[in-house]
Amino acid sequence: MPLLKDAMPLMKEPHPPPQVPLPWVLPSLFAAFNVVLLVIFSGLFFAFPCRWLAQNGEWAFPVITGLLFILTFFSLISLNFSDPGILHQGSNEQGPLMVHVVWVNHRAFRLQWCQKCCFHRPPRTYHCPWCNICVEDFDHHCKWVNNCIGHRNFRFFMLLVLSLCLYSGAMLVTCLIFLVRTTHLSFSMDKAIAILVAVPAAGFLVPLFLLLLIQAMSVSAAERSYEGKCRYLQGYNPFDHGCASNWYLTICAPLGPKYMAEAVWLQRVVGSDWVPIQTPRFPMCTSVLSPPASTSGSLQTREGSPRER
């Protein structure tokens with residue numbers, strides 16, 4: 001049986017940059033401010049330019065923008081209070097001195113021990129420094145909604161970005177059409193509000209569209225935002241199942257059962273030749289290893305044991 005220390009490492013999985021968590025009040029207030037800002041601008045939009053268009057028989061604009069506002073508001077609130085895929089705290093039965101390896105498409109990942117949550121994290125699971133939780137299939141921490149984006153709410157995030165793009169575009173088009181239709185009228189409060197709403201709608205439309213494009217490319221390639229520019233050995237990404245399958249697994253596939261406190265039971269120990277390590281320190285980074293010929297599941301080894309010498 002090949003030894004774990006003889007396996008060739010491919011790369012180290014990236015870590016989110018260490019951050020000092022802020023008091024929970026400030027991020028929560030910022031997320032609430034974004035919701036209030038959306039409601040205020042939408043209220044001004046529907047009360048002035050949309051009202052004028054509706055009074056003059058242009059009902060299509062209020063109806064379409066109203067439906068997009070409902071979709072945007074629903075996705076924003078859902079993302080604020082959604083579960084990103086929290087892995088709850090485990091137990092000390094599996095200590096940090098153990099080495100656990102799991103296989104993903106012929107690539108082995110050495111699981112990293114989380115000191116705060118007390119379990120070995122599965123691949124692509126990271127401890128968010130802002131929320132102080134481990135998130136399954138972590139993508140990034142969104143400060144606009146004060147929540148992590150992970151396995152269980154990524155589809156809500158994509159829905160929010162898409163609905164914001166459509167809603168901002170619809171608001172901009174509606175305000176421009178209103179200004180064109182009222183060129184023969186004198187300057188009024190309706191025109192002032194239309195300009196006030198059109199300017200931020202146009203300003204947010206470009207970055208939102210770029211964000212949607214970047215996220216769509218990441219989903220197609222089965223990549224995550226925190227990974228940055230890292231690539232696997234020889235360009236092989238073990239999480240990539242093809243563009244169509246990646247979109248299905250991300251957007252449409254069932255989420256599966258939630259990992260509760262029994263998450264440590266996911267780490268199976270196989271092979272009688274592998275024993276716990278005895279070294280007092282263990283590297284905290286997660287490595288990707290080339291798979292041995294005839295092993296699967298999680299493995300344990302001891303550095304400096306007679307078997308390895």
Worksheet item: For the range 136-199, what % of the accessible area comes from carbon and sulfur atoms, probe 1.4 Å?
Response: 74 percent
Worksheet item: So how do 164-172, 214-222, 191-199 stack up, highest first, on mean other-Cβ count within 10 Å?
Response: 164-172, 191-199, 214-222
Worksheet item: Normalised by the residues of the range 24-266, what does the relative contact order come to in percent, with Cα pairs under 8 Å and at least six apart?
Response: 24 percent
Discussion item. If each residue of separation counts as 0.36 nm, what is the full-extension length gain between residue 180 and residue 77 once their alpha-carbon separation is subtracted?
Written reply: 33.7 nm
Worksheet item: Over what distance in Å are the Cα centres of the range 115-180 and the range 30-48 separated?
Response: 19 Å
Item to complete: Pop out the Kirkwood hydrodynamic radius of the range 24-266 from its pairwise C-alpha distances, inverse of mean 1/r, in Å to one decimal.
Response: 20.5 Å
Discussion item. Just to confirm, what accessible area per residue do you get for the range 24-266 at 1.4 Å probe, in whole Å²?
Written reply: 50 Å²
Worksheet item: Quick one: Karplus J couplings for the range 214-227, per residue in order, coefficients 6.51, -1.76, 1.60, θ = phi - 60°, nearest Hz, x for Gly and Pro?
Response: 5, 5, 5, 5, 5, 5, 4, 9, 6, 10, 10, 4, 5, 6
Worksheet, complete the sentence: Long-range amide H partners of residue 112, meaning residues 5 or more apart or on another chain whose placed amide H is closer than 5 Å, are 121
Worksheet item: Tell me, in nm to one decimal, what length is gained between residue 25 and residue 63 on full extension, where the rule is 0.36 nm per residue of separation less the Cα-Cα distance?
Response: 10.0 nm
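The values are calculated or read from the model by the stated rules, or taken from the named source; none is laboratory data. Note that the structure is predicted; figures quoted are calculated from it, not measured. Cβ sites come from the backbone with ideal geometry, for glycine too, and all protein chains shown count toward neighbours. Heads up: the accessible areas ignore ligands, DNA and RNA and are worked out on the full protein's heavy atoms, side chains in. Shrake-Rupley method; radii C 1.70, N 1.55, O 1.52, S 1.80 Å.
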